[in-house]
Amino acid sequence: MINLATLNKLTYGLYIVTSLDQGRCNGFAADAVFQVSANPPTIGACIKKDNLTHDFVAKTKVFAVSILAETAPAELIRHWGLKSGHQEDKCVNTEYKTGITGCHLITKDSLGAIECQVINAFDAGSHTIFLGEVVSAEMFSEREPLTYTQYRKNIKPDIKQSESKRDIMKKYRCVVCDYIYDPSLGDPDSGIAPGTPFEQIPDTWVCPICQVDKSNFEPVD
Ligand code: FE
């Protein structure tokens, strides 16, 4: 028997793992980061293979681990955890300092950061386990670290709620004429009240500009 819920009882912290490639930074929110050896001090980081940071670490062989404080807000974890570096530069508008490896060290809402030089990597199916020798480590604050359990109990529900709100109020674009349906405005001329999600508009509704039906609309990211 494999009851996967049992694996949820393993304990972790929560971290922002960053790397870089040709001067471009990327990073993601990680739980599977751990010390594997004391001499030399060595850190293991498990990174999903389709993650952009995975490609950066595999190529440049450096990564940094910023340790989140228990006061880290949901928005910070949403930013690093739910957005993809394939679609946007996640490192802009973040508070950081540049480490000796060139990686971004997140300074706001983090206790400290550890930089590593990759000394080995292991294929683990969906993820690669990167082993990194510690080349720098510094503390930014004496606050307590955020645990994965605290994240699941206190922060994850907030993130889920804000994500579902975001989905409900998603804008849709007419692929024929580029008209944007904005749920906050509705389409009062056609009897669609402000605050009506696109999904709740009747199928008889048509684009107010070019008159095509709902099937010609796509969500705007
Ligand atoms: Fe249209």
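The values are calculated or read from the model by the stated rules, or taken from the named source; none is laboratory data. Nothing here was measured: the structure is a model prediction, and the numbers come from that model. For neighbour counting, all protein chains shown are included, and Cβ atoms are generated from backbone atoms with ideal geometry for every residue, glycine included. To get the accessible areas, we keep the full protein, side chains included, count just its heavy atoms, and leave off ligands, DNA and RNA. Shrake-Rupley method; radii C 1.70, N 1.55, O 1.52, S 1.80 Å.
Key figures
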| read-out | value |
| --- | --- |
| Tally, over segment 80-104, of residues that are of a type outside the set (G, A, S) and farther than 10 Å from G27 by Cβ | 13 |
| Within segment 90-104, tally of residues that are of a type in the set (G, A, S) and either touching a Ser or Thr at 6+ places or on another chain (Cβ under 7 Å) or closer than 12 Å to W80 by Cα (or both) | 1 |
| Within segment 156-170, tally of residues that are of a type outside the set (S, T, N, Q), open to solvent by 40 Å² or more (accessible area, probe 1.4 Å) and out of contact with any Pro (no Cβ under 7 Å at 6 or more places or on another chain) | 8 |
| Hits in segment 32-69 (condition: acidic (D, E) and crowded, with 16+ Cβ neighbours inside 10 Å) | D55 |
| From P208, P183, residue being part of a loop (DSSP other than H, G, I, E, B) and buried (at least 16 other Cβ atoms within 10 Å of the Cβ) | P183 |
| Every residue from segment 130-142 that is of a type outside the set (G, A, S) and buried (at least 16 other Cβ atoms within 10 Å of the Cβ) | F130, L131, V134, V135, F140 |
| Residue count, segment 142-188 (criterion: touching a residue at least 40 places away in the same chain (Cβ under 8 Å), within 16 Å of the ligand (Cβ to nearest atom) and farther than 10 Å from F198 by Cβ) | 5 |
| Checking N3 against (1) modelled with pLDDT under 95; (2) within 18 Å of T128 (Cα to Cα); (3) of a type outside the set (D, E), the condition it does not meet | (2) |
| Residues (under 11 Å from the mean Cα position of the chain (by Cα) and in a strand (DSSP E or B)) located in segment 45-90 | none |
| Segment 186-205, residues that are farther than 30 Å from Q87 by Cβ, acidic (D, E) and not in a loop (DSSP other than H, G, I, E, B) | D189 |
